[in-house]
Amino acid sequence: MTPVSATHPIIAQFKLVGPLSSAAEADFKAIIGEKQLAKGKILLKIGQLAHTMYFIANGLARVFYLHDDKDVTDYFAIDQQFIGAVPSVITGLPSKKGIQLIEDSLLYYFKVADFEQLCSQHHDLEHLARKITQFGMLNEQERIESLRFYSMRERYELLEKKYPGIMNRCPLHYIASYLGTTQVSISRIRAGIQ
């Protein structure tokens, strides 16, 4: 557990965006849980309703979906990053995507309903959540643009920048799937052939 005197890692991420009152911080800290889970653990199955947001304190996870019976990696979260099935959280519909741990991971989590209740009580927390959501939207826009306009090498370099160390920690087939290419293409980029 996080020492009482230390700022909780999730709260520290929020405070990078702006100030948070001590009352909001204390109430937020009270709804955060902690788990140490093994590699391969499914946090959310495709078809389940998403009720929880996760923060990977240490470890690696991915969001994935199935398309034409093919496993496609849509998103990663690595040390100190959030992960969740946001479309399901927003719509209240079963998730079309799953969440899986790629490494043994320490994660923190909170129920979205509890967080929403806190946001109605603490507008500073609501404001920071909105800003973090906006940053998430910008990241997704960058990903869409990278798939449409960047070369494979540029997408590969962007992945390394966005997820430092991932190339040594993640199976190649997940990386290739995320980049929209094959393992052979990734190997060529690594070898400097392309």
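Could you give the alpha-carbon Rg of the range 112-194 over 2.2 N^0.38 Å, rounded to two decimals? Ratio of Rg to 2.2 N^0.38 Å for the range 112-194: 1.49. Each of 149, 134, 120 was placed along the dipole of the range 116-158 (beta-carbon charges, centred on the mean Cα), and the one lying farthest toward the positive end is 149. Per residue of the chain, the DSSP helices (runs of n ≥ 4 H) give a summed -39500 (n - 2.57) that works out to -13500 deg cm²/dmol at 222 nm.
Would you mind telling me the share, in percent, of accessible area of the range 53-175 contributed by carbon and sulfur at probe 1.4 angstrom? Looking at the range 53-175 in its full context, I get 54 percent from C and S.
How would you classify the range 9-48 from its alpha-carbon gyration tensor, with a ≥ b ≥ c the square roots of the eigenvalues: rounded for a/c under 1.5, else prolate if a/b is greater than b/c, otherwise oblate? Prolate shape, in that a/c is at least 1.5 and a/b is the bigger ratio. A simple count of charges around residue 160, restricted to other residues whose Cβ falls under 15 Å of its Cβ and scoring Lys, Arg +1 and Asp, Glu -1, yields +3.
The alpha-carbon positions of the chain define a convex hull whose volume is 125 Å³ per residue.
The value of relative contact order for the chain, using C-alpha pairs under 8 Å at least six residues apart, is 24 percent. Using only side-chain charges placed at the Cβ, +1 for Lys and Arg and -1 for Asp and Glu, the dipole size of the range 58-123 relative to its Cα centre rounds to 180 debye. Separation of the range 13-62 and the range 71-140, taken as the distance between their Cα centroids, equals 8 angstrom. Evaluated over the chain, the count of Lys pairs having alpha-carbon atoms less than 19 Å apart is 17 (only pairs 8 or more residues apart or interchain). For the range 90-145, a/c is not less than 1.5, where a ≥ b ≥ c are the root eigenvalues of the C-alpha gyration tensor, and a/b does not top b/c. That puts it in the oblate class. As a calculated quantity, the FRET efficiency between residue 124 and residue 65 at R0 = 41 Å, using C-beta atoms, amounts to about 0.75.
For the residues 128, 16, 43, a GNM of the chain with alpha-carbon springs under 10 Å puts the largest fluctuation on 16. In the full protein context, the chain carries 56 Å² of accessible surface per residue, based on a 1.4 Å probe and ignoring ligands, DNA and RNA.
The values are calculated or read from the model by the stated rules, or taken from the named source; none is laboratory data. The shown structure was predicted, so the numbers you read here are calculated from the model rather than taken from an experiment. A quick note on method: Cβ atoms are made from the backbone with ideal geometry, for glycine too, and the neighbour counts reach across all protein chains shown. Each accessible area value is taken on the protein alone, full model and side chains, heavy atoms only, with ligands, DNA and RNA left out. Shrake-Rupley method; radii C 1.70, N 1.55, O 1.52, S 1.80 Å.
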